[in-house]
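A short worksheet on the structure shown next.
Just so it is clear, none of the values below were taken in a lab; they were calculated from the coordinates. Everything numeric here is computed off the predicted structure, so don't read it as measured data. For neighbour counting, all protein chains shown are included, and Cβ atoms are generated from backbone atoms with ideal geometry for every residue, glycine included.
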Amino acid sequence: MRHFLDFEKPIAELEGQIEELRRTMDGGGIDVSEEVSKLQEKAQSLLRTTYAKLTPWQKTLVARHPDRPKCLDYIRAHVTDWTPLAGDRAFADDAAVVGGLGRFRGRAVAVLGTEKGSDTDSRVKHNFGMARPEGYRKARRIIELAGRFGLPILSFVDTAGAFPGIEAEARGQAEAIARSIEAGLEAPVPFVATIIGEGGSGGAIALAAADRVLMLEHSIYSVISPEGCASILWRDQAQAATAAEALKLTAEDLKRFALVDVVVPEPMGGAQRDPEAAMAAVGGAIWDCLEPLLALDGATLRARRREKYLEMGRNGVV
């Protein structure tokens, strides 16, 4: 059953009417195909109009949509010979960060990502994509392993942020995130990161300090969540929509500020309406970014990556 967001209620009503008419046609032999066709056209037009003018807060809700493809969905769609790697070789394995080795379009690669889970059990297992220090240390281990064996790195980011619990802070959350970012910046191999849903603060950057950063059209990438920003500035989470506007967290904003490199278009109505098409578009965009990087040596990649991040903000746009 499709999950509708609050601003999609008019679309939901139309699609509900379409389903009722179809059941009537199937059950009673009454031909209502003309009425169904008209309602379908109206629903598509409303869907197109609605998604053409989404506010930053509405884009935030779409980025969090429970039916959007998750990290493991992208891995299953694009990575063959998948061999997951577990543990940080120091404390434990963190299921919020998944990683391993496989082949992308026939090329051996290392893959990382934050996994939110798709149902109650898997969300609890993956801690809703919020990693602890051992998750970021696992990411660092895989990045360094990729560098040692000359494997390009692909990452899929979808997290509200790093886990904020006391035990995570006690085990060195900030240091683990910083070391993962450092490993990404120093990797002597091509690194392509994709924001597939939420890109939340340092928890996202830890897996996205890449040569090329892609964002899906309705994903978000921000130093803080709109709710967190509203709580700090106005002490009122009801101001989240205002905060989302101020944060400039949409793919369109970030591309304009040159903080991300590519915006990947989504199917009409978002990736959740046609996951296969969305994942196919991401796979093509990743390859388009990765292929020219494969010709560069490690020293050149590191130098260009360093300049890329040092350049951010120099032009006064940000």
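Some observations on this one:
- Kirkwood-Stokes translational diffusion coefficient of segment 64-176, alpha-carbon pairs, 10 °C, 1.306 mPa s, µm²/s: 112
- Restricting attention to segment 60-311, close to 40% of DSSP beta bridges with both partner residues there are antiparallel.
- Summary value for segment 1-123: 18 percent relative contact order, contacts being C-alpha pairs under 8 angstrom separated by 6+ residues.
- Considering helices alone, the calculated mean residue ellipticity of the chain at 222 nm is -15000 deg cm²/dmol, with DSSP H runs of length four and up weighted by -39500 (n - 2.57) and normalised per residue.
- Extension gain for I166-R256 works out to 28.7 nm (0.36 nm per residue, less the C-alpha to C-alpha distance).
- Mean separation of Cα contacts under 8 Å, 6 or more apart, over the residue count of the chain: relative contact order %: 15
- Shape class for segment 135-179, computed from the alpha carbon gyration tensor (a ≥ b ≥ c): oblate, with a/c not under 1.5 and a/b at or below b/c.
- For the chain, built as a Gaussian network whose Cα springs stay under 10 Å, the top-fluctuating residue of P267, P152, P292: P292
- Relative contact order of segment 92-152: 40 percent, from C-alpha pairs under 8 Å at least 6 residues apart in sequence.
- Over the C-alpha atoms of segment 244-318, the Rg to Rh ratio, Rh being the Kirkwood estimate, stands at 1.05.
- Mean projected area of the Cα convex hull of the chain, taken over all directions, amounts to 18.5 nm².
- Among I18, I153, I224, the largest mean-square fluctuation in a Gaussian network model of the chain, built with springs joining Cα atoms closer than 10 Å, belongs to I18.
- L145/A295 FRET efficiency (R0 30 Å; Cβ-Cβ; nearest 0.05): 0.85
- Most mobile listed residue (A96, A176, A246) in the chain, GNM with C-alpha springs under 10 Å: A246
- For E13 and A241, a Förster radius of 30 Å and the Cβ-Cβ distance give a FRET efficiency of 0.85, rounded to the nearest 0.05.
- Span from the segment 28-92 Cα centroid across to the segment 207-260 one, whole angstrom: 20
- Within straight-line reach of K308, meaning a Cα separation under 20 Å, sit the following aspartates and glutamates at least 8 residues removed in sequence or on another chain: E182, E186, D211, E252, D253, D261, D288, E291, D297.
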